[in-house]
Every structure is written in structure tokens, then in C-alpha cells.
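Below is one structure; the comments refer to it alone.
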Amino acid sequence: MNRLTINCLMTALLAMLAEVVLASPTQPQSTGKAAVGGTATKQDAVEKSDSGGRKPVVLVVGASGSVGRLAVAEAFKRGYETRALVRDPAQAKLFPEGVKTVVGDLTRAETLPEAVNGITGIIFTHGISGNNARGAEDVNYGAVRNVLSVLNESAHIALMTTVGVTKPTVGHDWKRRGERLVRASGLPYTVVRPGWFDYNSDDQHRLVMRQGDTHWAGSPSDGVVSRAQIADVLVASLTSPSANRKTFELVAEQGAAQTDLDPLFSALPTDTASDHDAIGDKPNLPLTDEPERVIQDLDDIRRKFN
């Protein structure tokens, strides 16, 4: 065997060894923390199965909306089996390949059982603006009531409402009643009240979580935040124990985005378990003045899950 032949054999052997090393299943350990900029991997979410060992399955309600689409994409990127609730099957094109679209009408509970079957998390990004009383009740409130009415297992709820939700208006009051249903369920939850969408300037990315809902101007002076950051926070809250039973206004101020949201969640006081409103909220929507059907819904949800 001449020297040229030996060299060729050695080269081939080294190439084979390199292929074996590259195919090794050994992976760097995930930190379990996702950057606000959306750097989480699919492994991050898969490792975070619930206490019952179920694979994380997330339903996004309001999936075709501007924040909903981003929440769907973010949940899918983080490795969740992601379901998007839509009214029109053609809306499947709005989402990444691999996302499951489920057809249903959030105002009709009988159309929703398939959507909630087996889920471990729900992200609500639905909502209508204005003071149309019927629409506000059917959508802002009815969607939460209807989804909870057909849910038969534990799931972490991430509910998006709005900054200024405790300022009395028709639209706000029905959003606030939706928050109350979530708290009454006793399920793990996070309520996010974002500021004005995408009014932040190029240097406003540092997230601030406020409580007490004290900003009622009804303008961007109440606070601003990007849609992408809202979606990130909603998805991140599903697997952060520090986010459980927390309600907060979400705004962005001057500075860079944080890469870890847990310190922000941890710094917030928890809602009082016996209270129907968030910590610090004004007591300006007393249960004694509420419609009988709203009181009945609260009682039904409490009995169902407690």
C-alpha cells in the first residue's frame, strides 16, 4: 500500500468520524429563559410541560387580530402545539405552517369544545373598541365566559384587556367583567392591560409593569407598547410561576428590552384570592350594582372550577 493510498484512507476515516460527532444527540442545556425579542427555541416550551406531564398546547382566541397573529407565531416558535381559533378556515394562511386552525365562533359556546380539548394554556387577544353595548358584551365578555364554560381541565389563562379598563365606559366595563370571570375560575392566570399599540418610539423598548390602573387619559399619554412585546409577555406568562395571579398594565419606556421577564413578574404583588378585582383597582364597579346575569355567570364559573 503506497503513501497516497494511506493518505486517502486516513482522510476518509476522519470524515466519517466528523459525521458521527455532528450527528450526536448531545445538546447544550436550555436556560429556560426566552428573550423578549423572541429568541426562545422549540425546546424551551417542550421542556415546560405542566405538572400533569401534558404536552404544552396553547389556544389563541382572537388569533386573526393584530396581536393575536403575533401571539400565535410566538407560541409556535417557542415550541407549543399552537391552535388558532378562527371563524373562517381561509384565515389559516395568516399563521406559520404547522399551526392548527380550529373553526369556531367565540360568541357561541357550542362551537368551542374542539378548540379547548386538551389545552394547557389559553391566550385571549380578542376585543372590540367603542361603546356598542351588545357587541361589547358578546365579544369582550362573552368570549371569556364561553371558553371557560366548555373548558374541562386546568389551563393557564393569559388575558389581554387594556390600560384604563377601570375607567367607566361600556366597552371597559365588559372587559373588566371578563377579567372577573378569569379570577373567579381559580385557574392560574395573568391579566395584561397593554398601553397604546405601537406608539412607542424607536428607543422605547424597556418594559414596565404597573398596577392600580391610574392612567385614564384615553390617549397615548397613558402608556405605549409594541404589539410584538405584548405577544411576548402573554406567551411568556404561561410558563412563569412568577406571573400567576398577577394583573398589570404593560407599557414600554426609554431603554432596551429586557431579556428575562421573570424579575418583572416577581416584583408585582399578587391579586387577592378573595377579591374579584385586581390589586389596587378602584372599587367603582360594585357587584351589588351588577346585572343578575353577570352575577350568575360568576357563580357558575366558581362552582365549575372550585
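Out of ILE301, ILE279, I need the residue that is over 25 Å from SER221 (Cβ atoms) and of a type in the set (Val, Ile, Thr). Which one?
Numbers: ILE279 fails: over 25 Å from SER221 (Cβ atoms).
Just a single option satisfies the conditions, and that option is ILE301.
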Quiz item: Out of segment 126-145, which residues are closer than 15 Å to GLY68 by Cβ, modelled with pLDDT of 95 or more and either assigned to a helix (DSSP H, G or I) or among the aliphatic types (A, V, I, L, M) (or both)?
Solution: VAL139, ASN140, ALA143, VAL144
Quiz item: Here are some residues: ASP260, ASP202. Which one is touching a residue at least 40 places away in the same chain (Cβ under 8 Å), more than 14 Å from LEU181 (Cα to Cα) and either out of contact with any helix residue (DSSP H, G or I) (no Cβ under 7 Å at 6 or more places or on another chain) or in a loop (DSSP other than H, G, I, E, B) (or both)?
Solution: ASP260
Quiz item: Name the residues in segment 137-173 that are of a type in the set (A, V, I, L, M, F, W, C), out of contact with any His (no Cβ under 7 Å at 6 or more places or on another chain), closer than 26 Å to TYR199 by Cα and surrounded by 24 or more Cβ atoms within 10 Å (Cβ to Cβ), would you?
Solution: ALA158, LEU159, MET160
Exercise. Could you look through segment 246-257, keep only residues that are surrounded by fewer than 20 Cβ atoms within 10 Å (Cβ to Cβ) and either in contact with a helix residue (DSSP H, G or I) (Cβ under 8 Å, 6 or more places away or on another chain) or among the polar types (S, T, N, Q) (or both), and pick out the one that is farthest from THR166 (Cα to Cα)?
Key: ALA257
Quiz item: farther than 25 Å from LEU268 by Cα, in contact with a Leu (Cβ under 7 Å, 6 or more places away or on another chain), not aromatic (Phe, Trp, Tyr) and not in a loop (DSSP other than H, G, I, E, B): does that describe ALA158?
Solution: no
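Does at least one position in segment 74-94 carry a residue that is assigned to a loop (DSSP other than H, G, I, E, B), of a type in the set (Phe, Trp, Tyr) and at pLDDT 95 or above?
In the first step, residues of segment 74-94 are kept if they are assigned to a loop (DSSP other than H, G, I, E, B); the result is 78-80, 87-88.
Applying the additional criterion that residues be of a type in the set (Phe, Trp, Tyr) yields 80.
Applying the additional criterion that residues be at pLDDT 95 or above yields 80.
Yes, the conditions are met somewhere in segment 74-94.
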Quiz item: Yes or no: GLN43 at pLDDT below 95, surrounded by fewer than 20 Cβ atoms within 10 Å (Cβ to Cβ) and out of contact with any helix residue (DSSP H, G or I) (no Cβ under 6 Å at 6 or more places or on another chain)?
Solution: yes
Quiz item: All but one of (1) outside any helix (DSSP H, G or I); (2) more than 19 Å from LEU148 (Cβ to Cβ); (3) in contact (Cβ under 8 Å) with a residue 60 or more places away in the chain hold for GLY98; which doesn't?
Solution: (3)
Self-check item: Out of THR161, THR111, THR120, sole residue that is in contact with an Asp or Glu (Cβ under 7 Å, 6 or more places away or on another chain), over 28 Å from ALA228 (Cβ atoms) and of a type outside the set (A, V, I, L, M, F, W, C)
Solution: THR111
Self-check item: Residues of segment 229-240 classified as more than 17 Å from ALA84 (Cβ to Cβ), in contact (Cβ under 8 Å) with a residue 60 or more places away in the chain and of a type in the set (Gly, Ala, Ser), total
Solution: 2
Quiz item: assigned to a strand (DSSP E or B) and surrounded by 14 or more Cβ atoms within 10 Å (Cβ to Cβ), is that true of ILE123?
Solution: yes
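Give segment 265-306 a look and list any residue that's in a loop (DSSP other than H, G, I, E, B), surrounded by 15 or more Cβ atoms within 10 Å (Cβ to Cβ) and not charged (D, E, K, R), or say none.
Here is the first cut: in segment 265-306, the residues in a loop (DSSP other than H, G, I, E, B) are 267-286, 290-291, 306.
Adding the requirement that they be surrounded by 15 or more Cβ atoms within 10 Å (Cβ to Cβ) leaves 268, 271, 276-281, 285, 290.
Answer for segment 265-306, where residues must be in a loop (DSSP other than H, G, I, E, B), surrounded by 15 or more Cβ atoms within 10 Å (Cβ to Cβ) and not charged (D, E, K, R): LEU268, HIS276, ALA278, ILE279, GLY280, LEU285.
Yes/no per residue for (1) under 29 Å from SER154 (Cα atoms); (2) acidic (Asp, Glu):
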{"residue": "VAL191", "(1), (2)": "yes, no"}
{"residue": "ASP203", "(1), (2)": "no, yes"}
{"residue": "ASP271", "(1), (2)": "yes, yes"}
{"residue": "ASP275", "(1), (2)": "yes, yes"}
{"residue": "ALA278", "(1), (2)": "yes, no"}
{"residue": "GLU290", "(1), (2)": "yes, yes"}
{"residue": "ASP299", "(1), (2)": "yes, yes"}
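The values are calculated or read from the model by the stated rules, or taken from the named source; none is laboratory data. These numbers were taken from a predicted model, which means no experiment stands behind them. Cβ: placed from backbone, ideal geometry, glycine included. Neighbour counts: every protein chain shown.
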